[in-house]
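Asker: Pasting a structure here, questions to come.
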Amino acid sequence: MKTEFRIQVDQALGKQDVRAHFRKAMDTLMTNRRNQFPDNAELQRLRDQAQVIRANALSKLPELLEQLEANLTQNGIHVHWAETTDEANDIVLKIMQKHNATWMIKGKSMVSEEMGLNHFLESKGIEALESDLGEFIIQLDGETPSHIIMPAIHKSKEQIAKLFNEKFPDIPYTEDVDTLTRTARDILREKFYNAPVGLSGVNFAVAETGTLCLVENEGNGRMSTTIPPVHIAVTGIEKVVEKFSDIPPLLSILPRSATGQPITTYFNMISSPRKQGEKDGPEEVHLVLLDNGRSRIYSDPELLATLRCIRCGACINHCPVYVRIGGHSYGTVYPGPIGTILEPQKSGLSVHGELVQASSLCGACGEVCPVRIPIPNIINRLRYEGVHQEESSVLDAGSKRKPMEAITWKAWSWAATHPSMYNLGSNLATQVRKLVPNHLGAWTSVRTAPAIADKTLHQQLKALGVDHE
Amino acid sequence: MSEARSHIFQRLRAVPRPEVDTTGRDYIPIYQWDKAERIKRFTERMQAVRAEVHHCDRSSWLSKVAELCRVKGLTNLLVSPTTEWGQALYQQAESLPSLTGYDQPIEAWKQEMFYGIDASLTSTLGGIAETGSLILWPNSDEPRMMSLVPPVHFAILDTEQLYTTFAEAVQAQDWLAQGMPTNALLISGPSKSADIAQVLAYGVHGPKELVVILV
């Protein structure tokens with residue numbers, strides 16, 4: 001029986017127009033990134049620097065989280081801790097209830113996607129309105145992001161024009177991108193004006209100063225964190241860095257790796273709520289720090305590298321699998337190579353373990369990663385964890401083990417280490433080679449069946465006069 | 001302290017942690033740009049994202065602002081009367097559109113800020129040549145919304161405060177000793193998005209136009 005992932009992949013592969021769209025978009029993103037790093041030596045130095053900054057932060061994670069909490073608290077920002085997404089959702093709900101808020105406006109946040117925050121709040125009668133243009137578009141259509149930094153990348157201009165026309169029938173139909181953008185601006189401006197609560201993510205949290213940093217182009221992140229009287233930021237516990245001087249190198253490599261821009265329009269550094277005498281900004285700022293499996297990933301010295309991620313999406317943009325199947329096929333919050341290693345570790349190999357099979361191990365993701373996460377090695381490691389039975393920190397390790405496969409490999413390894421058995425076996429194979437069927441299940445759906453030679457390698461070499469050993 | 005917090009810390013503290021060699025962590029200057037080069041780079045970067053950059057000096061900036069206000073057909077300008085630039089503007093008020101100060105908390109005049117203000121003018125703490133960025137530390141004289149809500153934002157940049165990189169600006173201005181403000185910002189152009197079919201569009205939620213006046 002086909003798994004849900006296989007069914008989604010099959011469907012995605014059948015959509016020629018969407019595939020062409022993704023191909024074009026990813027080609028542009030790859031070119032843009034390449035143009036940002038004309039000097040390879042400089043790129044490699046910057047990657048080393050970014051890797052050291054993130055690895056250093058992780059090596060001191062508990063101390064830095066304590067320091068971050070202390071500094072934020074001193075600055076007047078409320079800090080909350082959540083082990084699970086349910087707990088994080090409850091924290092947000094309680095803040096909403098405390099202010100009798102019936103809706104919120106959201107800047108872009110992948111952690112809020114991870115929490116399923118919009119659905120959760122909806123079930124409590126609270127509306128969460130997305131204000132990032134891409135997120136706004138997919139929310140109108142009841143979809144989830146297909147890319148972590150360009151959520152509506154799967155949609156064409158024509159589809160968006162139709163969607164706007166359907167949802168806002170008073171506004172004349174147009175495919176003009178400037179007009180569509182202006183429409184969204186006008187609709188959302190009024191929402192920013194009235195919103196009782198704004199929610200955002202966090203790109204980097206600085207322990208040394210208690211500063212929350214946000215990277216964005218549109219200004220919706222600034223709007224969501226400046227205009228409503230209450231600001232709630234949500235982030236994973238791994239996003240902390242030690243010093244403020246760690247920020248410029250990360251800010252230099254993040255947008256260049258992500259969309260190939262030298263910098264985003266806005267880099268927003270928030271260190272406190274509105275102070276006495278200040279005339280605007282939220283009176284109350286909250287930070288929700290979410291674990292959701294991160295501390296488990298943290299316990300493994302190899303898998304720990306997963307947490308270095310700064311969510312630039314470069315691995316996604318360069319992935320030959322992602323470009324063909326698109327973001328929704330993964331069935332996860334984070335798609336592409338980073339999703340492939342992160343999601344099975346977060347929710348368990350029995351849930352998303354299949355994703356690690358969907359890789360050609362071409363290595364492109366590891367090569368472009370600004371913090372040098374060895375994604376292909378981690379994919380291999382998770383494949384291993386899926387089928388081995390040893391005690392492991394990985395959730396559902398061994399759940400992908402199939403008894404037949406395990407016995408087959410055991411028999412193979414036994415035969416391969418017993419020469420007489422091996423020779424007997426290979427001789428036998430040459431005798432029965434005509435009996436090998438032409439159709440071998442999935443393998444031969446796109447390949448011809450492998451043919452067994454009429455003589456074993458040993459026999460052929462002997463015939464050529466090659467000496468044994 | 002919450003139970004979640006202690007569980008998270010228990011798990012993080014339970015495992016051996018690798019020593020990290022931090023060689024290569026610190027900033028190394030890679031450009032040797034003099035002031036003229038910094039101005040050139042800054043201008044190119046800003047113009048590449050459709051910001052206007054005007055090269056003026058302390059005697060000509062005021063008439064340039066007045067001229068731009070006329071050309072853009074602005075009927076009002078939000079500007080603090082207490083900054084160096086604001087004081088000069090208020091003295092020349094007859095040649096400018098009507099000047100408005102941000103003299104009370106936003107709650108008292110939110111409607112006007114959102115729907116009545118054509119443009120704002122703010123000072124900046126400095127600029128960054130490498131990326132074409134303005135540094136702003138909004139305060140009670142020039143609050144956060146001034147550079148965010150009005151459709152046109154004029155920013156005055158003193159070229160003495162134009163640094164090569166962000167790292168150099170942070171060091172030279174000694175941000176750590178000053179203590180981080182409520183909100184610090186880098187602004188590198190007018191608001192933009194490519195979320196619709198990767199077509200670049202300007203003026204999404206923030207200002208549609210950014211006008212930088214170099215003095």
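Taken together, the values in this text are just the output of simple stated rules run on the coordinates, not laboratory data. The structure displayed is predicted, hence computed values, not measured ones. So basically every Cβ, Gly included, is an ideal-geometry build from the backbone, and we count neighbours across all protein chains shown.
Asker: Taking the 0 to 90 degree range and rounding to the nearest ten, how far is the long axis of helix A:85-98 tilted relative to the main principal axis of chain A, both from C-alpha atoms?
Answerer: So the helix axis and the longest Cα principal axis differ by about 10 degrees.
Asker: Let me ask something else. If amide H atoms are built 1.01 Å from N in the plane of the peptide, which residues on other chains or at least 5 residues away come under 5 Å of the amide H of A:VAL197?
Answerer: Counting only residues 5 or more places away or on other chains, the set is A:ILE105.
Asker: At a Förster radius of 45 Å, what calculated FRET efficiency corresponds to the Cβ-Cβ distance of A:ILE452 and A:THR31, to the nearest 0.05?
Answerer: Result of the calculation: an efficiency of 0.45.
Asker: Once amide H atoms are placed 1.01 Å from N in the peptide plane, what residues at a sequence separation of 5 or more from A:ALA128, or on another chain, have their amide H within under 5 Å of its amide H?
Answerer: Amide H neighbours of A:ALA128, under 5 Å, 5+ apart: A:MET104.
Asker: What value, in deg cm²/dmol to 500, does the helix sum -39500 (n - 2.57) over DSSP H runs of n ≥ 4 give at 222 nm once divided by the residues of chain A? Present the calculation step by step, with values, prior to reporting the outcome.
Answerer: Working: 22 runs with 233 residues, N = 469.
Taking each H run of at least 4 residues, the total per residue is -15000 deg cm²/dmol.
Asker: If you don't mind, another one. Taking the Cα centre of the protein assembly as shown as origin and charging only Cβ (+1 Lys, Arg; -1 Asp, Glu), how large is the dipole, in debye to the nearest 20?
Answerer: 2100 debye
Asker: Taking a Cβ-Cβ separation under 4.7 Å as the criterion for a possible partner, which cysteines of chain A have none?
Answerer: A:CYS213, A:CYS309, A:CYS312, A:CYS319, A:CYS362, A:CYS369
Asker: Karplus couplings for the stretch A:377-390 from phi (6.51 cos²θ - 1.76 cosθ + 1.60, θ = phi - 60°), rounded to Hz, Gly and Pro as x?
Answerer: Using θ = phi - 60°, the values come out as 5, 5, 4, 4, 4, 6, 4, 4, 4, x, 10, 9, 9, 4 Hz.
Asker: Got a sec to turn the phi values of the stretch A:118-132 into Karplus ³J(HN,Hα) couplings, 6.51 cos²θ - 1.76 cosθ + 1.60 with θ = phi - 60°, whole Hz, x for Gly and Pro?
Answerer: With the stated coefficients, the stretch A:118-132 comes to 4, 5, 4, 5, 4, 5, 9, x, 10, 8, 10, 9, 6, 10, 5 Hz.
Asker: Counting only DSSP beta bridges with both residues in the stretch B:94-215, what percent are antiparallel, rounded to the nearest 5?
Answerer: Around 40 percent of the beta bridges assigned by DSSP in the stretch B:94-215 are antiparallel ones.
Asker: In terms of modelled amide H atoms, which long-range or inter-chain residues lie less than 5 Å from the amide H of B:LEU157?
Answerer: Result for B:LEU157 returns B:ILE213, B:LEU214, B:VAL215.
Asker: Let me ask something else. Please give, to one decimal in nm, the separation of the simple spin-label points placed at B:LYS35 and B:ALA93, each 7 Å out from Cα toward the Cβ.
Answerer: So the two model labels end up 3.4 nm from each other.
Asker: Here's something else I'd like to know. Compute the angle between helix A:4-13 and the longest alpha-carbon principal axis of chain A, please, reported from 0 to 90 degrees and rounded to the nearest 10.
Answerer: 90 degrees
Asker: Something else about it: Compute the angle between helix B:3-13 and the longest alpha-carbon principal axis of chain B, please, reported from 0 to 90 degrees and rounded to the nearest 10.
Answerer: 60 degrees
Asker: Report the extension gain between A:HIS439 and A:THR73 in nm, rounded to one decimal, defined as 0.36 nm multiplied by the number of residues separating them, less their alpha carbon distance.
Answerer: Once the chain is fully extended between A:HIS439 and A:THR73, it gains 125.2 nm.
Asker: I'd like the FRET efficiency for A:SER420 and A:ARG6, computed as 1/(1 + (r/R0)^6) with the beta carbon distance as r and R0 of 51 Å, rounded to 0.05.
Answerer: That gives a FRET efficiency of 0.75.
Asker: I've got another one for you. Choose one answer from B:ILE187, B:ILE135, B:ILE196: the residue with the largest mean-square fluctuation in a GNM of chain B with alpha-carbon springs under 10 Å.
Answerer: B:ILE196
Asker: Considering only Cα-Cα distances, which of the following residue pairs are longer than 23 Å: A:LYS60/A:LYS346; A:LYS155/A:LYS239; A:LYS191/A:LYS275; A:LYS98/A:LYS239; A:LYS2/A:LYS400; A:LYS106/A:LYS167?
Answerer: Pairs exceeding 23 Å: A:LYS155/A:LYS239; A:LYS191/A:LYS275; A:LYS98/A:LYS239.
Asker: Let me have the 222 nm mean residue ellipticity of chain B computed from DSSP H runs of 4+ only, each contributing -39500 (n - 2.57), with the sum over all residues rounded to the nearest 500.
Answerer: Calculated mean residue ellipticity at 222 nm is -8000 deg cm²/dmol.
Asker: Counting only DSSP beta bridges with both residues in the stretch A:186-344, tell me the antiparallel percent, nearest 5.
Answerer: 40 percent
Asker: Put a dot 7 Å past each Cα toward the Cβ at A:ARG189 and A:LEU464; how far apart are the dots in nm?
Answerer: 7.7 nm
Asker: Would you please give the FRET efficiency between A:ARG401 and B:GLU3, computed as 1/(1 + (r/R0)^6) with r the Cβ-Cβ distance and R0 = 41 Å, to the nearest 0.05?
Answerer: Numbers: r = 35 Å, r/R0 = 0.85.
It comes out at approximately 0.70.
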